[in-house]
1. Given (1) closer than 24 Å to A:Leu87 by Cβ; (2) assigned to a helix (DSSP H, G or I), where does B:Pro152 come up short, assuming only one miss?
2. Across segment A:181-212, what is the number of residues that are in contact (Cβ under 8 Å) with a residue 40 or more places away in the chain and assigned to a helix (DSSP H, G or I)?
3. Given the options B:Gln146, B:Gln140, name the one that is of a type in the set (S, T, N, Q), modelled with pLDDT under 95 and part of a helix (DSSP H, G or I).
4. Which residue is nearest to B:Asn69 (Cα to Cα), if the candidates are limited to segment A:80-102 and must be more than 19 Å from the chain's Cα centre (by Cα) and among the small types (Gly, Ala, Ser)?
5. Sort through B:Phe15, B:Phe81 and tell me the only one that's in contact with a Gly (Cβ under 6 Å, 6 or more places away or on another chain) and among the aromatic types (Phe, Trp, Tyr).
6. The conditions are (1) of a type in the set (Asp, Glu); (2) more than 11 Å from B:Val229 (Cβ to Cβ); (3) in contact with a strand residue (DSSP E or B) (Cβ under 7 Å, 6 or more places away or on another chain), and B:Glu254 fails exactly one of them. Which is it?
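The values are calculated or read from the model by the stated rules, or taken from the named source; none is laboratory data. Quick caveat, the model's predicted, so the values are computed rather than measured. Glycine also receives a Cβ, built like all others from the backbone with ideal geometry; neighbour counts cover every protein chain displayed.
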Amino acid sequence: MTGKMRELMSWELQESWSFPILELVLAVSIIQALTFQLIQPEDANILTSVSDPFWKSMLFLFAISAAVVFGRSFGESIEKRKMVVLLGYPVSRKGIFLSKFFANLFACVLVFGTVLLAEGVMAFLFEPRVAWAPHSGAWYSMNSIAPAIWGFMFLSLSLVVFFTSSLMSFLALATKRFGLSILVFLVFVFGLEYWTGTLSNAEPLAYLSLSRGPAAIVSYLSAAYYRTMGLGYMGTGITFGLFSTALCYLLIGAVALFVVSLLLLQRMDLD
Amino acid sequence: MNRGVIEIEKATKRFGKITALSDLSVVIDGKVNGLIGPNGAGKTTLLNVLLGLTRLDSGKARVLGLDVNGELSEIKKKVGFLPESPGFPTSFTGEGFLIKVARLRHIQEPRKRASEILNVVGLSHAGKRAIRTYSSGMYQRLGLAQAIIGDPELIVLDEPAANLDPIGRMDVLRVIDEYSKNRGVSFLLSTHILYEVEKSCDWVGLMEGGRVRESGSIDELIQKSSKQVFRIVVSDPKLFELRLKQSGFAESVEFDGDAVVAEFPEGFDVYGEVVALAKRLSVRVIDLRRVRLSLDDVFRRVLKAD
């Protein structure tokens, strides 16, 4: 990473995450995390007790945070002529886009990853029966502190944040307006949630949902992990087709929107 | 085409149905250059083209001998820019912002440089304050500071005195004067305030409808427009004004106090014909002299002619 990129990223972080944005995102994260369906000792299945409710509960947070952070970073900076000021310095449009995008993406993943970690700690505290030791069965168990499954959740979370970030960047650059881009984003995300909610679990299109899709990715990877480790069969109902629909939608969608956003900024006339 | 600070050749830029720049060709070669013109004349679009913010539909633009299309990064290293209504990061302190700009411009000792520049623009007392607490005048001074911090060869200022009180305006002119005379920096200003232009510019471009209608030094522009404008004091100004209008000698006739101010066509024998007309009307000519117009008059006349 060049010195200019580091400087631009630090500029972006200082500007986009200054008071009260970081504080607000953290506060909403904590409130959302507290509304979790807490794990009962007798019902310690990580997928049904932790993963599924996590995505349902946290989608609102991911969506709003990505909308605000990326909407401000791109839409508002064009609207309020901050982008024009930045482009007057010896930095390229590509450099500005990449530094803004990745600074905010890493910050979002860090904040939400911390929330996930906090959830893991809470799960551990609520499962006193599990003897926690480096080589204990907890590592391979189905119970709520199985670290590999938390790892899959983090992977899935990063993918959702990447997708929402790319989508919001695209909308902010296409509309050049903060408010309008947020409105379109929320209508799209929650409209899609409503529509996919009407579909059955067996339909691949149902996994375009930003809550059901990541949960399916975690379930499929967990089952594959158990199978590979020789720990037995885990019945999740997620086939490879459903898993790949969810994965490809998020990954290819995120990459495509990222590239289109970069091209939009590079070709944009700023007046 | 001559080599100038800025060279534009057959530049056209359209935004939908609006033509912002229309086949514009101009060489800007003064030390302090001013673009004046009404709203929508294309001044800001022209400045944006020079900084690569807006791309031309056709034509070429060169800044300090560098092509805007292929050598933009080199241009940005040599040019300081203050856009119209700039957006600065309001959560930063003034000093913190300038330090970051200095780092982006690879300036040695950015803290020291930021502190020096705050002093130059008269903001040293407010360097530690968040930009959000600045008044609009302080904000504009900060804009000037970020434009000059990199010791550029050319400084482009779009409405530099906007939001400034008279003292603030004088300070901007002082900085322009100091940097152009003592440091050899060239300037390109776009402004509505003709006083700023008259006070500081040695080259002026008068823009309208996406073109430069007139250009040159202020003296050249004024002399060119003043050539055939005369102030005539006669014993019966009302009668004389009426008959002068009826005669069709003058392109425009108007009162200025007790005198008649008239503009005659190129090559017209003003002294002979005016005196002859007065004689026919039995009116005594008390004073007849060429008028030196102000830049404001030139501006109005050029726009009126179109």
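1. (2)
2. Residues meeting the conditions: 12.
3. Within the list B:Gln146, B:Gln140, the selection yields B:Gln140.
4. Looking at the filtered set, the residue picked out is A:Ser92.
5. Going through B:Phe15, B:Phe81 in turn, the sole match is B:Phe81.
6. Unmet for B:Glu254, out of (1) of a type in the set (Asp, Glu); (2) more than 11 Å from B:Val229 (Cβ to Cβ); (3) in contact with a strand residue (DSSP E or B) (Cβ under 7 Å, 6 or more places away or on another chain): (2).
Every residue, every condition in (1) part of a loop (DSSP other than H, G, I, E, B); (2) at the interface with chain A (Cβ under 8 Å from one of its Cβ atoms); (3) among the hydrophobic types (A, V, I, L, M, F, W, C), yes or no:
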{"position": "B:Gly40", "(1), (2), (3)": "yes, no, no"}
{"position": "B:Leu47", "(1), (2), (3)": "no, no, yes"}
{"position": "B:Gly52", "(1), (2), (3)": "yes, yes, no"}
{"position": "B:Arg55", "(1), (2), (3)": "yes, yes, no"}
{"position": "B:Gly59", "(1), (2), (3)": "no, no, no"}
{"position": "B:Arg62", "(1), (2), (3)": "no, no, no"}
{"position": "B:Pro86", "(1), (2), (3)": "yes, yes, no"}
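The rows are residues; the columns are (1) modelled with pLDDT of 90 or more; (2) touching a Lys or Arg at 6+ places or on another chain (Cβ under 7 Å); (3) at negative phi; (4) of a type outside the set (Phe, Trp, Tyr).
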residue: B:Ile167; (1), (2), (3), (4): no, no, yes, yes
residue: B:Ser180; (1), (2), (3), (4): yes, yes, yes, yes
residue: B:Trp203; (1), (2), (3), (4): yes, no, yes, no
residue: B:Gly216; (1), (2), (3), (4): yes, no, no, yes
residue: B:Glu251; (1), (2), (3), (4): no, no, yes, yes
